[in-house]
Amino acid sequence: MGPSTGFKKINTAVFISGTGSNLKSLINFSKNKKSPINIKLILSNRQSAKGLRYSKIFKIKKKFINFKKKTIAEKKTLSVLKKNHINLICLAGFMKILSKNFLKNFDGKVINIHPSLLPKYKGLDTHKRVIKNNEKFSGCTVHFVNSRLDSGKIILQEKVKVKKNDTPKSLAKRILFKEHELYPRAILKIFNH
Ligand code: GRF
């Protein structure tokens, strides 16, 4: 989608629910000349999400939206996205599932990162299940989002070896480190070839 010099960057929103370490890596990436994205908005369904602090640090607009009533929340979200001319949504530890109705407004423009080698280990507690099943490898996946959990088309994956004495925590940490590098690479793959 366009060459990598002298082009207009894609207005991007990052949705988070927690720490926001992937958000931070995406922000750093977006400042790179070669990055196709410009992060204009951080959206969270949790007011206390730690990652919201990057709004102040990097001077990026933030928005909290309560998702208890999903239909209303999605309506509000759409209106905020429209107001900010957002063309790409990066989910980064966002713990809500977006409805088909919402997604049809952003067809092919919502991507997510998940800490497993999809299609294996969709959903929560991935690391615990990976270790319990004695898997030799786990990893992370960036994929397009559809209305089924962690099921959209895969963009890129990175393998991580599971060590003998790994705990869910130690494995999560090693995978997260890889995620920070994988998410920007996946975005480059989609838009810059
Ligand atoms: C990451 O492991 C991501 O893959 C998963 O939730 C975690 C979010 O971490 N969906 P952070 O908030 O980006 O630090």
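Points to keep in mind about this one:
- Taking amide H as placed 1.01 Å from N in the peptide plane, Ile37 has its amide H under 5 Å from the amide H of Ile10, each at least 5 places away in sequence or on another chain.
- With all protein chains in place and a 1.4 Å probe, the accessible surface of segment 10-190 carries 55 percent carbon and sulfur.
- Relative contact order (%) - criterion: Cα under 8 Å, at least six apart; region: the chain: 21 percent
- Max mean-square fluctuation residue, GNM over the chain, Cα-Cα springs under 10 Å, options Leu124, Leu78, Leu23: Leu124
- GNM result for the chain, Cα springs below 10 Å: residue of Asn112, Asn38, Asn134 fluctuating most strongly: Asn134
- Filtered chymotrypsin sites (Phe, Trp or Tyr not before Pro), segment 1-91: DSSP coil and at most 14 other beta carbons within 10 Å: Phe7
- Highest-MSF residue in the chain out of Thr126, Thr12, Thr71 [GNM, Cα springs under 10 Å]: Thr71
- Taking the charge dipole of the chain about its Cα centre, with +1 at Lys and Arg Cβ atoms and -1 at Asp and Glu Cβ atoms, the residue from Asn192, Pro36, Thr71 reaching farthest to the positive side is Thr71.
- Cleavage-rule hits (trypsin sites (Lys or Arg not before Pro)) in segment 1-89: DSSP loop, at most 11 neighbouring Cβ within 10 angstrom: Lys8, Lys31, Lys33, Lys34, Lys59, Lys68, Lys69
- DSSP-defined beta bridges in segment 10-190 - what % are antiparallel, rounded to 5: 40 percent
- Total charge dipole magnitude, segment 10-190, about the Cα centre, Cβ charges on Lys, Arg, Asp, Glu only, Debye to nearest 20: 420 debye
- Acute angle (nearest 10 degrees) that the helix 21-30 long axis makes with the longest principal axis of the chain, alpha-carbon atoms: 50 degrees
- Accessible surface, per residue, of segment 10-190 when the full set of protein chains is kept, probe 1.4 Å, Å²: 56 Å²
- For segment 124-134, the Karplus equation 6.51 cos²θ - 1.76 cosθ + 1.60, evaluated at θ = phi - 60°, returns couplings of 8, 6, 4, 5, 4, 6, 4, 5, 4, 8, 6 Hz by residue, with Gly and Pro reported as x.
- Orientation-averaged projection of segment 10-190 equals 9.8 nm² [convex hull of Cα atoms, one quarter of hull surface area].
- Length gained when the stretch Gln47-Lys132 is fully extended (0.36 nm per residue, less Cα-Cα span): 27.2 nm
The values are calculated or read from the model by the stated rules, or taken from the named source; none is laboratory data. Just so it is clear, the model here is predicted, and its values are computed rather than measured. In this analysis, Cβ positions are derived from the backbone assuming ideal geometry, glycine residues included, and neighbour counts consider all displayed protein chains. In case anyone asks, the SASA skips ligands and DNA or RNA and just uses the protein heavy atoms, side chains included. Shrake-Rupley method; radii C 1.70, N 1.55, O 1.52, S 1.80 Å.
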